[in-house]
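These notes concern the structure reproduced below.
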Amino acid sequence: MALLSRQPWYVATALAVPILVLASPGALKLSGVPPSWAVLWLLPWALVEGPVSGALAGLGLGLMLDGLNLGGASQIPALVLLGWWWGRMARHGPPLERSFSLGLLALVGTVLLNLSLMLQFALGGSSLEALRLSGLPILLAQTLLTGLLAPMICSLLLLFWRQQTSSLRG
Amino acid sequence: MAPGRPFRVLSPRLLIQGWPWLVLLLALVGIRLSKGAFLSELYALLSAPFWPGSAQKEWVTSAQQLSDQIQLAQLRLDNERLRTVLELNHANPRLVMAPVISREPGGWWQQLVIGRGELQGLHPGDAVVAPGGLVGRVASVTPVTARVTLLTDTSSQLGVWVGRTQRHGLLTGLGTARPVLRFLEKDPQVRPGDVVVTSPASTLVPPNLTVGVIQAVNDKAVPAPEALVQLSAPIEAVDGVQVMLTGRR
């Protein structure tokens, strides 16, 4: 498939992710923790576009987001893996459309993303005590928030992109 | 007194008739013994409407503030002169005001993005202060923005000084709102409420900047005691910061 990635305007929507990360709107935060915007954009993209484009989009997002933070851990591995997994899932199964399954996928994806960051910080020398104090609340808050937002944002994006893809194809 | 008349003591009748005078006498003795308590109280009660009011209090407070400010300026000058004589790190670097354009104190990375950069003379390592005290150090700069590592980030480590007990410690971010202060000796003799400032011997940041207040001390920690520090600058609320241009490299 990968029809969307030939249209520069659809690729450019990915720029919303770093902009939202930088702006970090206060209304969409849970105890100071923002949702994972990368997951919210990557999920519909990968579901429409397939594994290769999904993994590449994950790589691109990861590169942008790693440039925006202080370092110490990278989001690239988790995002690439998620993009590939979601793309495969859409290719090899019945099409995912229900809000509930989108929410569940986003929830699992955010948990994996946060666990990968936690693992990298732990390998980088952070104490387990510090990770428990700071990391666990972030993981819980971000997972909950992303899971709640996914049915709204992801299903709209998915619907829109599916329409565009079918009109591009037909 | 006529001669021959027997010496007469006060007759009981007279005593009974003059009882008000006796009571007055007793009251005066009471006043004397209480060192004039009754009179003072009475005077205070009567003069209360004429006591110094809020206006006088304001004048005195403003005079006190003025005196404090003048003294602070004098001490700053003096400190600067002495540091120049001793060839220590200078305490009064050039300040650049910068707006906070992105704030992420809640996620995995505790950072700010501010709207001043290399063009305004910022360098990585410059100290960043907000109303209230030090908040962090510049991590990287672009032409018009700079990324600030907050003191609460796990990558932040800073030598600090507890003024009351004159002990050094290492302030390390935990990723939570309160960084931990690790002391270098077994018995740092600190207690909650002690003020933490940047180390006078610091080469990374200007000396004697306010950092925060010790909130809790953990004596059981190994190898040396630890303390949780509440930062004095409200990081969640600051919209503008000042960058101290000390980077000489």
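The values are calculated or read from the model by the stated rules, or taken from the named source; none is laboratory data. Quantities reported herein were computed from a predicted structural model and do not represent experimental measurements. Every residue, glycine as well, gets a Cβ built from its backbone with ideal geometry; the counts of neighbours run over all protein chains shown. Accessible surface areas use protein heavy atoms only, side chains included; no ligands, DNA or RNA. Shrake-Rupley method; radii C 1.70, N 1.55, O 1.52, S 1.80 Å.
For chain A, the solvent-accessible area works out to 48 Å² per residue, with a probe of 1.4 Å and every protein chain left in place. The angle between the Cα long axis of helix A:51-68 and the main principal axis of chain A comes to about 40°, on a 0 to 90 degree scale.
Taking every DSSP helix (H) stretch of at least 4 residues in chain B, weighting each as -39,500 (n - 2.57) and dividing the sum by the residue count yields a mean residue ellipticity at 222 nm of -8500 deg cm²/dmol. Under the criterion of Cα pairs below 8 Å and six or more residues apart, the relative contact order for chain B equals 17 percent.
Helix A:76-92 axis versus longest C-alpha principal axis of chain A: approximately 30°, rounded to the nearest ten. Which angle from 0 to 90°, rounded to the nearest 10, does the C-alpha axis of helix B:37-47 make with the longest principal axis of chain B? Helix B:37-47 and the main axis of chain B meet at about 70 degrees.
Sorted on the mean count of surrounding Cβ atoms within 10 Å across their residues, most packed first, peptides A:30-37, A:11-18, A:114-121 read A:30-37, A:114-121, A:11-18. Just tell me how shielded B:136-146 is by partners: mean number of partner chain Cβ atoms within 10 Å of each residue's Cβ, no decimals. Shielding by partners across B:136-146 averages 1. FRET efficiency for the B:Leu75 to B:Ser11 pair, using the beta carbon distance and R₀ = 60 Å, is estimated at 0.15.
Here is the interface size for B with A: some 1700 Å² of accessible area buried, both sides summed, with a 1.4 Å probe. The protection proxy used here, the mean number of other Cβ atoms lying within 10 Å of each residue, ranks peptides A:132-143, B:74-85 as follows, highest first: A:132-143, B:74-85. For region B:155-249, applying the loop criterion from DSSP together with a ceiling of 14 other beta carbons within 10 Å to the GluC sites (Glu not before Pro) yields B:Glu185, B:Glu236.
Peptide A:63-73 has a mean of 4 when you count, residue by residue, the C-beta atoms of other protein chains within 10 Å of its C-beta.
Under 29 Å Cα-Cα from B:Lys220, which lysines qualify once same-chain neighbours fewer than 8 residues away are excluded? Correct list for B:Lys220: B:Lys186. Across peptide A:24-36, the mean count of Cβ atoms from other chains lying within 10 Å of each residue's own Cβ comes to 2. Principal semi-axes of the equivalent ellipsoid, √(5λ) from the alpha carbon gyration tensor of the protein assembly as shown, are 70, 29, 21 Å from largest down. Over the residues of chain A, the helix contribution to mean residue ellipticity at 222 nm works out to -23500 deg cm²/dmol, using -39500 (n - 2.57) for each DSSP H run of at least 4. Summarise the accessible area of region B:94-245 (1.4 Å probe, protein heavy atoms) by the percent that is carbon and sulfur. Its accessible area is 55 percent carbon and sulfur atoms. When each of the peptides B:189-195, A:21-27, B:130-136, B:159-165 is scored by how many other beta carbons lie within 10 Å of its residues on average, the order from highest to lowest is B:130-136, B:159-165, B:189-195, A:21-27. Applying the Karplus relation 6.51 cos²θ - 1.76 cosθ + 1.60 with θ = phi - 60° to region A:5-19 yields 3J(HN,Hα) values of 5, 7, 9, x, 5, 6, 5, 5, 4, 4, 5, 4, 5, x, 5 Hz, where x marks Gly and Pro.
Shown here are the Rg and Dmax of the Cα trace of region B:94-245, at 15.0, 48 Å.
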